[in-house]
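Peer 1: So that we are looking at the same thing, I have put the structure below in structure tokens.
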Amino acid sequence: MNLITVSSTATVSCTTAPTQFVTAGDNKYAYRQFGSGPGLPLLFLQHFTGTLDGWDPAVTDPLATGRSVILFESAGIGRSNGKVPPTVAGMASHAMGFLDALRLTQVDVLGFSLGGMVAQVIAVQRPVLFRRIILTGTGPEGGVGVAMDRPDLLKIFVDQQMPMSEKLLKLFFATTETSQSAGREFVQRLAQRTADRDTPTTAEAVGAQLAAMSAWEKSGGEPYADLKKITQPVLVSNGNHDIMIPTINSFTLSEHLPNAQLIIYPDSGHGSLFQHAGAFTGHVSEFLDRK
């Protein structure tokens, strides 16, 4: 039985939803839950270095009109205690423990970037947890460039003088003026949340996440074998020029997943779901509402 509390569904925007906490064993996880409707809860799994504050209301809020949306913060990130595991499988264990603590036996999931890798592991290890899966801006185990440890990217990541807003524009959006303009609007939307802000990701957490993605890229065994085990309907999406997790990985996912649909958005990069929020949420809603 899925447990949705009244307090968690009273707020309809990620800009005002209160941060809540749930304990599972030695771990205390931070999360935000809002929205209501007949659909299954939709779990959001965040990108590399991302916190609860990094979710765009233009994406989360429309999807919360037909279901409860749950933004999850894994161990060692933001206000969740503990340390970030150095493997994607370790991160998946925390997400499963979190769902168990909320007594959620089945959800839909939206995994963005690193979050999409975590979603793939959960889908293989405990397939009953997920009904439908959205994988955006992510790649398979053993994918091309999924470690995100390239010098051009690391230079931006470690630049202490560069504001986070500028980093997001460089990493998430294409160099065209239309994409950069959309990026600036995205940054403005993130700034709408003014109270109960999250704790920035620490350098230690960043290092552990990079180690996890590096291990994910160095997969052994038969290439993409685990993808064949994911039989749920999957919506794969990306921008046509993702410099963080190269777009070719989205084609690989759609090719090897047994039941996948692929959408590539034009003139966009890693943050295509934010740049094309209207189209993206429309596609996701239609995908989740299919009979």
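Just so you know, all these numbers are worked out from the coordinates, no wet-lab data involved. These numbers come from a predicted model, not from an experiment. No Cβ is skipped: glycine too gets one built from the backbone with ideal geometry, and neighbour counts run over all protein chains shown.
Peer 1: Distances longer than 27 Å among the Cα atoms of the range 155-291: what percent of all pairs is that?
Peer 2: Everything past 27 Å amounts to 33 percent.
Peer 1: Same structure, new question: Which of rounded, prolate or oblate describes the range 227-291 when judged by the alpha-carbon gyration tensor and an a/c cut-off of 1.5?
Peer 2: Numbers: a/c = 2.95, a/b = 1.18, b/c = 2.51.
Oblate, since a/c reaches 1.5 and b/c is not below a/b.
Peer 1: Is the chain best put as rounded, prolate or oblate by its Cα gyration tensor, with a ≥ b ≥ c the root eigenvalues, rounded for a/c under 1.5, and otherwise prolate when a/b is larger than b/c, oblate when not?
Peer 2: rounded
Peer 1: Report the residues of the range 98-128 in range of a label on residue 81: point 7 Å along Cα→C-beta, backbone N strictly under 14 Å from it.
Peer 2: none
Peer 1: Can you count the Lys pairs in the chain with C-alpha separation below 29 Å, eight or more apart or on different chains?
Peer 2: Going through the chain pair by pair, I get 14.
Peer 1: Let me ask something else about it. Estimate the FRET efficiency between residue 248 and residue 185 by the formula 1/(1 + (r/R0)^6), using the beta-carbon distance for r and 22 Å for R0, to the nearest 0.05.
Peer 2: In this case the efficiency is close to 0.20.
Peer 1: What ranking do 270-280, 207-217 get when scored by the average of other Cβ atoms within 10 Å per residue, highest first?
Peer 2: With the highest mean Cβ count within 10 Å placed first, the list reads 270-280, 207-217.
Peer 1: List the residues whose amide H sits under 5 Å from the amide H of residue 263, counting only those 5 or more places along or on another chain, with H placed 1.01 Å from N in the peptide plane.
Peer 2: Close amide H contacts, sequence-distant or interchain: 236, 237, 238.
Peer 1: Here is a further query. To the nearest Å, what is the center-to-center distance of the range 80-140 and the range 152-184, using C-alpha atoms only?
Peer 2: 27
Peer 1: Scan around residue 80 for amide H atoms under 5 Å from its own, H built in the peptide plane at 1.01 Å from N, and keep only partners 5 or more places away or cross-chain.
Peer 2: 30
Peer 1: For residue 107, what residues show an amide H to amide H distance below 5 Å, using hydrogens built from the backbone and excluding near sequence neighbours?
Peer 2: Distant-sequence amide H within range of residue 107: 130, 131.
Peer 1: Taking neighbour Cβ counts within 10 Å as the exposure measure, how do 68, 36 sort from fewest upward?
Peer 2: With the sparsest Cβ surroundings first, the list reads 36, 68.
Peer 1: May I pose another question? Once phi is turned into ³J(HN,Hα) by the Karplus curve 6.51 cos²θ - 1.76 cosθ + 1.60 with θ = phi - 60°, what whole-Hz value does each residue of the range 164-174 show in order, with x for glycine and proline?
Peer 2: 4, 4, 5, 4, 4, 5, 6, 8, 9, 10, 5
Peer 1: Right, something else. Would you kindly derive the ³J(HN,Hα) couplings of the range 264-276 from the backbone phi angles with the Karplus curve 6.51 cos²θ - 1.76 cosθ + 1.60 (θ = phi - 60°), listing them in order in whole Hz, with x for Gly and Pro?
Peer 2: 10, 8, x, 6, 7, x, 4, x, 4, 5, 8, 5, 10
Peer 1: How large is ³J(HN,Hα) for each residue in the range 129-141, as worked out from phi by the Karplus curve 6.51 cos²θ - 1.76 cosθ + 1.60 (θ = phi - 60°), to whole Hz, x for Gly and Pro?
Peer 2: These are the phi-based 3J(HN,Hα) values: 5, 10, 8, 9, 10, 10, 10, 10, x, 9, x, x, 4 Hz.
Peer 1: Rounded if a/c is under 1.5, else prolate if a/b is larger than b/c, else oblate: which is the range 136-185, with a ≥ b ≥ c the root eigenvalues of its Cα gyration tensor?
Peer 2: Oblate, because a/c is 1.5 or more while a/b does not exceed b/c.
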